[in-house]
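The values are calculated or read from the model by the stated rules, or taken from the named source; none is laboratory data. This is a predicted model, so every value here is computed, not measured. A quick note on method: Cβ atoms are made from the backbone with ideal geometry, for glycine too, and the neighbour counts reach across all protein chains shown. Accessible surface areas use protein heavy atoms only, side chains included; no ligands, DNA or RNA. Shrake-Rupley method; radii C 1.70, N 1.55, O 1.52, S 1.80 Å.
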Amino acid sequence: LGVASGETLLIHGASGGVGTIAVQLAVARGARVIGTAGPANQEYVASLGATPLVYGENLVERVRALAPEGVDAVFDAAGKGALEDSITLRGGTDRIVTTADFRAGELGVVFAEGPQRRSAARLAELAQQAADGTLVTAVGTTYPLADAAKAQQASDAGHSRGKIVLTVG
């Protein structure tokens, strides 16, 4: 998305595992972030440096109230049907990326299946930030490997804060 300092980025699913990292990286670049999440995760999203917003009805109007100048880019890590609203907010599909909504192609939105730019130096930088605590990864829930089906059901239901982790042993 090429988000730069001073731009406004809307992140859907800001409290999830991917959204948590995306918020922190965008804030570190100097972007203003509006992050959608469920009611129980509003304080958490704010603690990451984003302006929290509950997803759902009248999203376009509520985002416009927070960012009357508009949003410069949208990252959808939730896949919960917000692409149409995102297109309305952007006035088209430019600078909208989803990692979670499989309808992206139908709507003309980029679906990113994985890292687009792999860089050993960037990975080392992110690992160092995680090690020194400036980049926080959140583990939402853990399940023993024998309960992988339950973990998948929890993932499918959404509303998870952080990553779902399977443990062995």
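The single condition among (1) open to solvent by 10 Å² or more (accessible area, probe 1.4 Å); (2) in a helix (DSSP H, G or I) that G49 does not satisfy is (2).
Whenever a residue of segment 127-154 is under 20 Å from T20 (Cα atoms), its partners that are polar (S, T, N, Q) and loosely packed, with under 12 Cβ neighbours inside 10 Å, lying with C-beta atoms within less than 6 angstrom and at least six residues away or across chains, give the pairs T142/T167. Restricted to segment 93-121, and to residues there that are surrounded by 10 or more Cβ atoms within 10 Å (Cβ to Cβ) and over 23 Å from D156 (Cα atoms), the residue that is modelled with the lowest pLDDT is S119.
Restricting attention to segment 28-46, the residues that are touching a strand residue (DSSP E or B) at 6+ places or on another chain (Cβ under 6 Å), among the aliphatic types (A, V, I, L, M) and either in a helix (DSSP H, G or I) or open to solvent by 50 Å² or more (accessible area, probe 1.4 Å) (or both) total 2.
Across segment 52-70, the qualifying residues are those that are touching a residue at least 40 places away in the same chain (Cβ under 8 Å) and in a loop (DSSP other than H, G, I, E, B), and the one among them that is nearest to I96 (Cα to Cα) is G70. The single condition from (1) more than 19 Å from I34 (Cβ to Cβ); (2) over 14 Å from the mean Cα position of the chain (by Cα); (3) open to solvent by less than 90 Å² (accessible area, probe 1.4 Å) that G162 fails is (2).
Within segment 78-92, which residues are open to solvent by less than 60 Å² (accessible area, probe 1.4 Å) and over 21 Å from P68 (Cα atoms)? Answer for segment 78-92, where residues must be open to solvent by less than 60 Å² (accessible area, probe 1.4 Å) and over 21 Å from P68 (Cα atoms): A78, G79, G81. Per the conditions (1) without any contact (Cβ under 8 Å) to a residue 60 or more places away in the chain; (2) open to solvent by less than 20 Å² (accessible area, probe 1.4 Å), the sole criterion not satisfied by A73 is (1).
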